[in-house]
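In what follows, a structure is listed as structure tokens, so that the remarks can point back to it.
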Amino acid sequence: MSQRITISVIGGSKINSKVEKLAHETGKIVAKVGGILVCGGLNGAMMAASRGAKEEGGLTIGLLPGKSKNDANPFIDIALPTSIGFARNAMVACCADIIVALPGSHGTRCEISYGLVYDRPVIDLGGWKVKGMIRVKDLKAAETKLRSLIKDIRAQREKEHARTTRS
């Protein structure tokens, strides 16, 4: 019941200014809806989203590929070195209650796939058009969908909590 909602924001490490703005605004939305932002903790979309979340007073977690906390971008509050390289993509997806996919490359596609395998809702803000993802047309629609998903997750947790406390 007391677990906070974690939202993994995934996207490329090499991005243009348009994607940087999208990632930054996505991070702001994550904080605004009360989520904890999780990402790979490095540069590109990860840094822009983390910066946006921090500007809105949010909490950020970076699951780093290496073994040093110093690798984290400056907007990460909790740096968790994994020492497992790209295999951390599975962790980024699995630890999320919800995933928001921005434009990216193979690593992002991998995280999308893991998210779908782990039965996480994956919001498509990157034009991926992958079966099973939740398509939204813009940031406003993404925020609306995030709020709806969070409400559903909290209701499910309350239901499970009530069921387990009766046993």
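The values are calculated or read from the model by the stated rules, or taken from the named source; none is laboratory data. In this text the structure is predicted, and so the values were computed from the model without any measurement. As a convention, Cβ positions derive from the backbone with ideal geometry for all residues, glycine included, and neighbour counts pool all protein chains shown.
Do we have G57 as assigned to a loop (DSSP other than H, G, I, E, B), in contact with a helix residue (DSSP H, G or I) (Cβ under 9 Å, 6 or more places away or on another chain), touching a residue at least 12 places away in the same chain (Cβ under 8 Å) and not aromatic (F, W, Y) here? Spelling it out, G57 is indeed assigned to a loop (DSSP other than H, G, I, E, B), in contact with a helix residue (DSSP H, G or I) (Cβ under 9 Å, 6 or more places away or on another chain), touching a residue at least 12 places away in the same chain (Cβ under 8 Å) and not aromatic (F, W, Y). Would you check if D77 is free of Cβ contacts under 8 Å to residues at least 60 places away in the same chain, under 21 Å from I98 (Cβ atoms) and of a type in the set (D, E, K, R)? So D77 passes the test. Summed over the stretch 94-136, the residues that are small (G, A, S), more than 16 Å from T26 (Cα to Cα) and touching a helix residue (DSSP H, G or I) at 6+ places or on another chain (Cβ under 9 Å) give a count of 4. Restricting I134, I112, I153 to those that are at pLDDT 95 or above, touching a Lys or Arg at 6+ places or on another chain (Cβ under 9 Å) and of a type in the set (A, V, I, L, M, F, W, C) reduces the list to I134.
Looking at the stretch 9-30, is at least one residue polar (S, T, N, Q) and outside any helix (DSSP H, G or I)? Yes: one or more hits. The sole residue among L37, L64, L42 that is under 21 Å from P121 (Cα atoms), of a type in the set (A, V, I, L, M) and surrounded by 18 or more Cβ atoms within 10 Å (Cβ to Cβ) is L37.
Taken over the stretch 75-106, the criterion of being touching a strand residue (DSSP E or B) at 6+ places or on another chain (Cβ under 9 Å), assigned to a loop (DSSP other than H, G, I, E, B) and surrounded by 14 or more Cβ atoms within 10 Å (Cβ to Cβ) is satisfied by F75, I76, D77, T82, C95, A96, D97, L102, G104.
Please tell me if A72 is crowded, with 18+ Cβ neighbours inside 10 Å, more than 14 Å from the chain's Cα centre (by Cα) and modelled with pLDDT of 95 or more.
Details: crowded, with 18+ Cβ neighbours inside 10 Å: yes; more than 14 Å from the chain's Cα centre (by Cα): yes; modelled with pLDDT of 95 or more: yes.
Against the criterion (crowded, with 18+ Cβ neighbours inside 10 Å, more than 14 Å from the chain's Cα centre (by Cα) and modelled with pLDDT of 95 or more), A72 qualifies.
Candidates in the stretch 115-131 are the residues that are farther than 17 Å from T6 by Cβ and charged (D, E, K, R); of these, the one that is modelled with the lowest pLDDT is K129. Taken together, the residues in the stretch 120-167 that are part of a loop (DSSP other than H, G, I, E, B), small (G, A, S) and either surrounded by 13 or more Cβ atoms within 10 Å (Cβ to Cβ) or in contact (Cβ under 8 Å) with a residue 24 or more places away in the chain (or both) amount to 3.
State the number of residues belonging to the stretch 107-119 that are surrounded by fewer than 19 Cβ atoms within 10 Å (Cβ to Cβ) and either assigned to a loop (DSSP other than H, G, I, E, B) or among the acidic types (D, E) (or both). So the answer is 2.
Of all the listed residues (I15, I29), the sole one being closer than 25 Å to K140 by Cα, in contact (Cβ under 8 Å) with a residue 40 or more places away in the chain and surrounded by 24 or more Cβ atoms within 10 Å (Cβ to Cβ) is I29.
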